[in-house]
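The values are calculated or read from the model by the stated rules, or taken from the named source; none is laboratory data. Computed from a prediction, not measured in an experiment: that's the story for all the values here. All Cβ positions, even for glycine, are placed from backbone atoms using ideal geometry, and neighbour counts span all protein chains on display. Calculation scope for accessible area: heavy atoms of the full protein, side chains included, ligands and nucleic acids excluded. Shrake-Rupley method; radii C 1.70, N 1.55, O 1.52, S 1.80 Å.
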Amino acid sequence: MNKKESLYFILAVVAAFFLLLAGAWTSPTFAEEQSYIEAIVMFGALLFVFSVVVVVAALGFHSFALFMALFLAIAVSIYGVEAGVIVIVMTYLVWGLVFAIQMLLYHNRVESAVRWFRERYTFKAFSREYKVFYPMIWAFYFLFEYIPNRLTGESIAQFNPKELYERMRHDLRP
């Protein structure tokens, strides 16, 4: 999508919102006004689902984007936009937790974690997920390695995600 097409798309979305808002503003009855407001909310929800799918697809998770679109559309249509936000946050937290656990196991050179990464990732795919879940890796390390070792007085293993990234460059296929 080039710059001109993007501008037309944004103008069309803004114009649709203003048309629906004008309809709500000039409605002669309360019921008609509520219908326009519901249409505005539904249009916003669909725009939200679309934007999440575009972002997920742009990050490189093309097959996951379709799954996320369907799941988000169902959640938003049944429970509203808040449910869509909850779905996104929970998906990030759950998959980030899995990815972070595997990264820490890989850090400790557990053979099953090494095999898990080799079976599921190319280096390019790993690199994308590494960047997306980088905060989760640190949060998991802090909660499950740093704090318990500080409380028990055990020595804390050095953790360097950049070193793990370079090790992955050598362990995974390009």
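Do we find that Phe30 is within 20 Å of Val89 (Cβ to Cβ), open to solvent by 40 Å² or more (accessible area, probe 1.4 Å) and among the hydrophobic types (A, V, I, L, M, F, W, C) in this structure? If you could, list the steps in order and put the result at the bottom.
On the way: within 20 Å of Val89 (Cβ to Cβ): no; open to solvent by 40 Å² or more (accessible area, probe 1.4 Å): yes; among the hydrophobic types (A, V, I, L, M, F, W, C): yes.
Spelling it out, it is not the case that Phe30 is within 20 Å of Val89 (Cβ to Cβ), open to solvent by 40 Å² or more (accessible area, probe 1.4 Å) and among the hydrophobic types (A, V, I, L, M, F, W, C).
If only residues of region 92-126 that are free of Cβ contacts under 8 Å to residues at least 40 places away in the same chain and buried (at least 17 other Cβ atoms within 10 Å of the Cβ) are counted, the one that is farthest from Phe50 (Cα to Cα) is Ala113.
Going by what's in this entry, would Val14 be described as part of a helix (DSSP H, G or I), free of Cβ contacts under 8 Å to residues at least 40 places away in the same chain and surrounded by 14 or more Cβ atoms within 10 Å (Cβ to Cβ)? Reasoning before the result, please.
On the way: part of a helix (DSSP H, G or I): yes; free of Cβ contacts under 8 Å to residues at least 40 places away in the same chain: yes; surrounded by 14 or more Cβ atoms within 10 Å (Cβ to Cβ): no.
Against the criterion (part of a helix (DSSP H, G or I), free of Cβ contacts under 8 Å to residues at least 40 places away in the same chain and surrounded by 14 or more Cβ atoms within 10 Å (Cβ to Cβ)), Val14 does not qualify.
Inside region 75-118, can you point out the residues that are within 11 Å of the chain's Cα centre (by Cα) and of a type in the set (Gly, Ala, Ser)? Gly96 - this is the single residue of region 75-118 that is within 11 Å of the chain's Cα centre (by Cα) and of a type in the set (Gly, Ala, Ser). Tyr134 passes every criterion in (1) over 25 Å from Ile156 (Cβ atoms); (2) at pLDDT 85 or above apart from (1).
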